[in-house]
Every structure is written in C-alpha cells, then in structure tokens.
Amino acid sequence: MRGRRVNFDNDRKIIMTASIVGWAHTPFGKFDAETVESLVVRAANEALADAGISASDVDEIVLGHFNAGFSAQDFTASLVLQADPKLRFKPATRVENAGATGTAAVHQAVKSINAGASRIVLVVGVEQMTRTPSAEIGRNLLKASYLPEDGD
C-alpha cells in the first residue's frame, strides 16, 4: 500500500490516503512442498514486483497470519524479511483476526499510512495447513472460538 499527502481543508489539515498499488497471491490448494516461509517470500516478492517498488522503499511490514500452532515459528512476521535483504530492520508486525486476518492486516497498514507513520507498507497474508494432521487442524482452528462455550 502506498500513501500520498492530500490537502483536506483550509485549516491546513493533511490526511493520508492509501491505495493498493501491487498485489500477488499463490495458488490455493494442497502443496506439500510449501511452507509458511516459502509462501510469504513468494507472495511478498511478487507483490513488490507487481507494484514496481523496491524493498528498500518499504517503510513497514504487516503480516496477517492466524498461527495457532500451524507453524513452529511463533514470530512469523520476521519471515517476510527473508524475501529481500533490503527488508532487514524494517518494522514487522503480525496481526490476526480469525477468518478476517488478511483484512485486519490491510486495515493496520491503512492506519499506519493515515497516521503518517509510513508511506509504503508491505502487507502479506498467509495460511498454511497442508503439513498439519487433520485432528490437529481442528484443535488449532478451535482456538479461534470462545473456548468456555465452544471448547468441548
């Protein structure tokens, strides 16, 4: 996402507007060779290429990922840094919101742009369940519910 400054009114207030300027997605399906990291790296690089933006131009990274045990890597936001060495030392945050995690990541990027904290935010969303046994998938997804009511 990229922001640009726009005059808002005569009081010299300035707001940031956000636009999605590039995108990418990996195929949906069962891919045993893919990992959370490989999916993140591929999508990030393809989105940057589609936007025509260098990784060095990125101010911030937001990863949308509902982990709940699907990945042994708890701090999965750091996996985006593997996409390009120029992303190293960029602030990276992971957000999650059960079935709306990708949307939550986009909203977080818009908030950062509107606050003037960032001009270009790389947003990546990832889910990968292929390598998880079926019974464990159910237990992991149950973690998105309200356990006192739904845990049994």
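Couple of notes before you dig in:
- The set of residues in the range 21-37 that are surrounded by 14 or more Cβ atoms within 10 Å (Cβ to Cβ), modelled with pLDDT of 90 or more and either over 14 Å from the mean Cα position of the chain (by Cα) or part of a loop (DSSP other than H, G, I, E, B) (or both) comprises G22, A24.
- Among the candidates L81, L63, residue that is aliphatic (A, V, I, L, M) and open to solvent by 30 Å² or more (accessible area, probe 1.4 Å): L81
- Counted residues, the range 109-136 - those being part of a helix (DSSP H, G or I) and either more than 30 Å from D152 (Cα to Cα) or within 21 Å of the chain's Cα centre (by Cα) (or both): 6
- Pair list, Cβ < 8 Å and 6+ apart or interchain, from the range 63-77 residues that are without any contact (Cβ under 8 Å) to a residue 24 or more places away in the chain to residues that are open to solvent by 20 Å² or more (accessible area, probe 1.4 Å): F75/R94; A77/A92; A77/T93; A77/R94
The values are calculated or read from the model by the stated rules, or taken from the named source; none is laboratory data. It should be emphasised that the depicted structure is a prediction, and the values quoted were computed from it without experimental measurement. All Cβ positions, glycine included, derive from the backbone under ideal geometry; neighbour counts span all protein chains shown. What goes into the accessible areas is simple: the full protein's heavy atoms, side chains included, and nothing from ligands, DNA or RNA. Shrake-Rupley method; radii C 1.70, N 1.55, O 1.52, S 1.80 Å.
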